[in-house]
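Report on the following structure.
The values are calculated or read from the model by the stated rules, or taken from the named source; none is laboratory data. Being a predicted model, the structure only gives us computed values, none of them experimental. Backbone-built Cβ (ideal geometry, glycine too); neighbour counts: all protein chains shown. The accessibility values were calculated without ligands, DNA or RNA, using every heavy atom of the protein model including side chains. Shrake-Rupley method; radii C 1.70, N 1.55, O 1.52, S 1.80 Å.
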Amino acid sequence: MNKIIIGELYKQLKKKSIIVITLVAVIPFAFSFLIYAEPSFLEMDGEFGYLSYMVVMWQSMWSMFIPHILVVYLIACITEDETQGQILYELSRIPNRGSLVLGRLLSIMIMVVGYIIAFFASATAGFWVFITRTEHYNPSDVISHEEIVQLWIGFLLLLLVVSLIYSISSKVKPIITLVIIIVGHFLLSNISYIENWKLIPGTLAYNMEYTVGGGNMSPIIAYQSVVLVALIALCLAVKQIYYKHMEVTF
């Protein structure tokens, strides 16, 4: 398993994927500079503390599909051998195809987590270098319980996006996958108009008003978390079945 993960990461290093991750991760730092410079085309309202600024930056990148596009790119790089037939050689060398499925997915997730860490490091640097010198800085501003839940469910949703794209990457072109993700994004972000929307997994990542009406939301948070994890496992099973039925011709 470790050899598979290291091998996949090394292949992506040779393909310069790390450069793409780095360039995307520095977007928050560049945006922080724009807020500090206050160009005429940018209108910015509100005040931020450190944590609330991290939340705002992530939500902004999420709404612009930056993480989604990066995930599609990384998975396309890792699974391109499946369309070129090279995966048959890999399968002939690895008797346990489940290890290959999980190893590849873990290598993708490691890169995604690496992007998230680099993202928040970039946003942190931008906050302390630029935002603290502007009128938007408010050290007393804190994040709410709702925002913490949004980040948690959003993180699980991103892992599900990774798993889903990975599971269908052999059959669906990257551009089609991205369109599916965008459609899903708009559906989840507007689904709160439906009665019992809280039962739809992933909606808590979009709706800030989930506490309206009172009551204990812990069961709903736990329910959505469990369902999202189950869907991730289902995507892995689908990919493993696909590998299992591939014919090795060597």
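A few notes on this one:
- Proximal charge balance of Leu51 [Cβ under 11 Å; K/R count +1, D/E count -1]: -2
- Spatially proximal lysines relative to Lys173 (Cα-Cα < 24 Å; intrachain offsets below 8 disregarded): Lys11, Lys14, Lys15, Lys16, Lys239, Lys244
- J(HN,Hα) series, segment 198-207, from Karplus relation 6.51 cos²θ - 1.76 cosθ + 1.60, nearest Hz, glycine and proline x: 5, 7, 8, x, x, 5, 5, 6, 10, 9
- Protection proxy ranking of 221-227, 38-44 - average other beta-carbon atoms within 10 Å, highest first: 221-227, 38-44
- Accessible-area value, Asp45, 1.4 Å probe, nucleic acids and ligands omitted, Å²: 130
- Surface exposure of segment 1-55, expressed per residue as accessible area with a 1.4 Å probe, stands at 64 Å².
- Ile143 long-range amide H proximity, modeled H, under 5 Å: Ser52
- Amide H within-cut-off set for Tyr137, under 5 Å, with H built and near neighbours excluded: Phe48
- Once both labels are positioned 7 Å from their Cα atoms along Cα-to-Cβ, the gap between Leu199 and Val179 label points is 3.2 nm.
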